[in-house]
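Student: Sharing a structure below in structure tokens format, with a few things to ask.
The values are calculated or read from the model by the stated rules, or taken from the named source; none is laboratory data. The shown structure was predicted, so the numbers you read here are calculated from the model rather than taken from an experiment. Cβ coordinates were reconstructed from backbone atoms using ideal geometry, including for glycine residues, and neighbour counts include every protein chain displayed. Surface accessibility is based on the protein's heavy atoms, side chains included, excluding ligands, DNA and RNA. Shrake-Rupley method; radii C 1.70, N 1.55, O 1.52, S 1.80 Å.
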Amino acid sequence: MPRHSAALPTSIRAAGLLGLTLALNACAQNDTAQAEPTPPRAVRAVQPQPAPAFPDIRVTGRLELRDEQRLAFRVPGIVERVAVRAGDRVKKAQVLARLDTTEVDAVVKQAEASANKALRDLERGRRLRAENVITQQQLDDLETAYEVARAGLRSARFNQRHAVIRAPADGVVLRRLVEANETVAGGQPVLAVGNVGGGFVLAASLPDREALRVGVGDHARVQLSAYPELTLTGTVSEIGRQADPRTGTFDIDIALDAEQSPQLASGLLARARIRTVERDDTHSSIPFDALVEQRDEGALIFRLREGGTRVAAQTVRVRWFDDRRAVLEDPLPPDARIVTAGAGFLRDGEAVRLLD
């Protein structure tokens, strides 16, 4: 027993030395693994693009024929016939509607009779004046009466002509506002027609701040709700110079380029983006994903240093946002490279690897 008890501590000490050796080796291997350098983070970068000081102006409105008219009778009366309906194509001078002209015709006959009598009186007065039977003043009065009668006849015939509505040009009927046998007042709209030769315009309104930036001739891109996949082009053709007293906005018209227009109809809803002439492209724009975080003094971005192996943090001020890009207040150098993909994980001065 004493001999076995003396050998036991020796074996225990040997096992302990072996375990300690293994533990030290494992720690050494862990230290070696931790000491290996971290590979540079892979990133992508883009160059800033030139951008204007102000964004495109966006507006919503509805399409109208450029030349739309509300046609009416000159005199009151009873509608005898309306020959067209909404959507009908019409030719210039085509009869569209007619009044019952019984009363108008009677007025014309009365005016003709008055003019004929005044002419007879004037001719007799000239003979009597030649014989010194009447004075020159009496003859002058007869001439005045004749001129008054002729004016009355012209007025009656004018009203007779305008008891019939004719198409002012080739076009289309937009609305039929009255029916036969209705009594209408003079000047009351009967039909709304449009001249198809004048093309379509987008009628819209702008607040004062944007209306002052728009000029006649500015280009616009128009999208119709009825044709969402199609983009049309046009130019600003008219700008109102007096605000609507109810809304405080200014009316504008954008004339569409006729050669590319599809089948259009008055009243279609549309959206437009107007590019103003003040677009000097003196600012820089970068993608949204280049903005890392918002700070009090601006937004944080990362630029590649010379050589493209490290990044430098920079704070920029955003002037305005587009659909996918941010336009900066101060322009960046055109050859600068701004980190996009991977920017959210970077630190100032960190080493990076630029992907193609």
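Student: Could you work out the helix-only [θ] at 222 nm for the chain, with each DSSP H run of four or more residues adding -39,500 (n - 2.57) and the total divided by the number of residues, to the nearest 500 deg cm²/dmol?
Tutor: Helices in the chain give a 222 nm mean residue ellipticity of -9000 deg cm²/dmol.
Student: Below 22 Å, Cα to Cα, which lysines can K109 reach? Residues fewer than 8 away in the same chain don't count.
Tutor: Cα-Cα hits under 22 Å: K117.
Student: Then there's this: What spacing in nm lies between the two simple spin-label points modelled at F158 and T235, each 7 Å away from Cα in the Cβ direction?
Tutor: 3.8
Student: For the stretch 309-356, build the charge dipole from Cβ charges (+1 Lys, Arg; -1 Asp, Glu) around the Cα centre, then report which of I338, A312, A326 sits farthest towards its positive end.
Tutor: A312
Student: Using 0.36 nm per residue of separation minus the Cα-Cα distance, give me the extension gain between R85 and R41 in nm, one decimal.
Tutor: Full extension of this stretch gives 8.7 nm more.
Student: Rounded to the nearest 20 Debye, what is the dipole magnitude of the chain about its Cα centre when Lys and Arg each give +1 and Asp and Glu each give -1 at the C-beta?
Tutor: Charge dipole, the chain, about its Cα centre: 620 debye, nearest 20.
Student: Specify the residue with the greatest mean-square fluctuation among V193, V148, V75, computed from a Gaussian network of the chain linking alpha-carbon atoms under 10 Å apart.
Tutor: Ranking V193, V148, V75 by mean-square fluctuation puts V148 first.
Student: Please state the charge dipole magnitude for the stretch 243-338, taken about the Cα centre, from unit charges on C-beta atoms (+1 on K and R, -1 on D and E), reported in debye and rounded to the nearest 20.
Tutor: For the stretch 243-338, the charge dipole is close to 420 debye.
Student: Test of the criteria: in the stretch 45-130, which GluC sites (Glu not before Pro) are in a DSSP loop and have at most 14 other Cβ atoms within 10 angstrom of their Cβ?
Tutor: Filter output for the stretch 45-130: empty list.
Student: Tally the DSSP beta bridges in the chain and give the antiparallel ones as a percent, rounded to 5.
Tutor: Of all bridge pairs located within the chain, approximately 95 percent are antiparallel.
Student: Please find, in a Gaussian network model of the chain (springs between Cα atoms separated by less than 10 Å), the residue of D88, D257, D141 whose mean-square fluctuation is greatest.
Tutor: D141
Student: Another question, if that's okay. Can you pull the one-decimal nm distance between simple spin-label points at A113 and R273, each 7 Å off the Cα toward Cβ?
Tutor: 7.3
Student: Using a 1.4 Å probe, what is the accessible area per residue for the chain, in Å²?
Tutor: 62
Student: Follow-up question, since we're still on this one. Which of the listed residues, L212, F200, A265, is farthest toward the dipole's positive end in the stretch 185-269, when Lys, Arg count +1 and Asp, Glu count -1 at the beta-carbon?
Tutor: Farthest towards the positive pole: L212.
Student: Please enumerate, by chain and number, the aspartates and glutamates with C-alpha under 13 Å from the C-alpha of K92, excluding those fewer than 8 residues away in the same chain.
Tutor: Cα-Cα hits under 13 Å: D170.
Student: Please identify, among V108, V339, V59, the residue showing maximal mean-square fluctuation in a Gaussian network model of the chain using a 10 angstrom Cα cutoff.
Tutor: Between V108, V339, V59, it is V108 that shows the largest mean-square fluctuation.
Student: Considering only protein heavy atoms and a probe of 1.4 Å, how much of the accessible area of the chain is carbon and sulfur, as a whole percent?
Tutor: Result for the chain: 50 percent of the exposed heavy-atom area is carbon or sulfur.
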